1. Per 0.36 nm of contour for each residue apart, how much would the distance between residue 107 and residue 210 grow if the chain were fully extended, relative to their Cα-Cα spacing?
2. Taking R0 as 51 Å, what FRET efficiency do you get between residue 146 and residue 221 from their Cβ-Cβ distance, rounded to the nearest 0.05?
3. Tell me, what is the FRET efficiency for residue 88 and residue 163 to the nearest 0.05, using R0 = 51 angstrom and their Cβ-Cβ distance as r?
4. Count neighbours as other Cβ atoms within 10 Å of each site's Cβ, and list the GluC sites (Glu not before Pro) in region 71-159 that are DSSP loop with at most 16 such neighbours.
5. If you put +1 on each Lys and Arg Cβ and -1 on each Asp and Glu Cβ, how big is the dipole of region 54-212 around its Cα centre, in Debye rounded to 20?
6. Per 0.36 nm of contour for each residue apart, how much would the distance between residue 174 and residue 41 grow if the chain were fully extended, relative to their Cα-Cα spacing?
7. Could you tell me which residue out of 131, 148, 114 lies farthest along the dipole of region 113-157 toward its positive end? Charges go on the beta carbon: Lys and Arg +1, Asp and Glu -1, centred on the Cα centre.
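Read-outs throughout are calculated quantities, based only on the coordinates presented, and are distinct from any laboratory measurement. No experiment lies behind these values; they were computed from the predicted model shown. Positions of Cβ are generated from backbone atoms using ideal geometry, with glycine treated the same way; all protein chains shown enter the neighbour counts.
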Amino acid sequence: MSGSVDGHAEGEGRVYQASGDQHITEHHHHTDNDPSWHSPDSVRRPTVGRVPVVLRDRAEVMSRVREIVTTDDTDRTFGNRVFVLHGMGGCGKTAVAHAAFHIATTENECVGLWVDAGDRASLRSGMLAVAADRGAQEGELLAARSGLRPAADLVWDRLDRSADPWLLVLDNADDPTILRDGSWLRTSPRGTVLVTTRQAAGRWWPGAELQHIGVLPREDAARVLCDLAPTAAPSKRPPKSPTGWGDCPSHSPSRVDSWPTR
Ligand SMILES: Nc1ncnc2c1ncn2[C@@H]1O[C@H](COP(=O)(O)OP(=O)(O)O)[C@@H](O)[C@H]1O
Ligand SMILES: [Mg+2]
């Protein structure tokens, strides 16, 4: 026996060497025990920072949204759709998606699924949590997590076989290469995908319906501020000006174009 160790270990693997020439090499796959793996706490609730008290303006986009989440349609137009809300950061894409999620789950018989597509790790873990929600078995999920089974194929197989119709929101998809590289964005007859993104270029969203979310009109932006501080004393508000501060909803409710969000 030479005394040298010539086995090879990867990751946290160890090499055992016996007195003869017996070598045991451990291979470690990344599974649930991997501390870097974070599964979302829920995909059934939108993970949104601040939800608007009332969704101001957006009547046109909300009527389109109503259309795409309506499951009770005699024309059978539900499903097989990707609807992309694009616009600058802070314009209200996530707020519209949140309202769509609310309509889909309370007024229609959709299962609402919400995934943060802001980075590869959260997209991947969120989509696998979607597969789990739609009935994927623990063994299938482990295989997908450890790279032994194509993760996106598992998720979409489960979405395709969902007994309930669904709305899947992919929020913060500002880097569409993440969706493209993993082939995460697909369509299914069982549901509708709603994407929020800053990326407007149509080449990233083949076959999708694009909807621009622009900045709110000044009056509505002012109303949003009033909504956030309904008890603010009028004397503390900025003076009445062309920005519409004098048009707070509490002053003129009949003129407010609004959508309850909860
Ligand atoms: N139409 C609206 N009515 C009321 N509040 C809104 C509206 N649009 C956006 N907001 C609020 O503005 C902030 C930014 O909106 P958000 O949806 O996060 O923007 P984006 O997703 O485009 O970056 C949030 O606090 C949201 O609640
Ligand atoms: Mg957003």
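1. Difference between extended and current length: 34.7 nm.
2. 0.60
3. 0.85
4. Listed in order of number, the matching sites are 107, 109.
5. 360
6. That pair, residue 174 and residue 41, stretches by 45.6 nm at full extension.
7. Projecting each Cα onto the dipole axis, the largest value belongs to 148.
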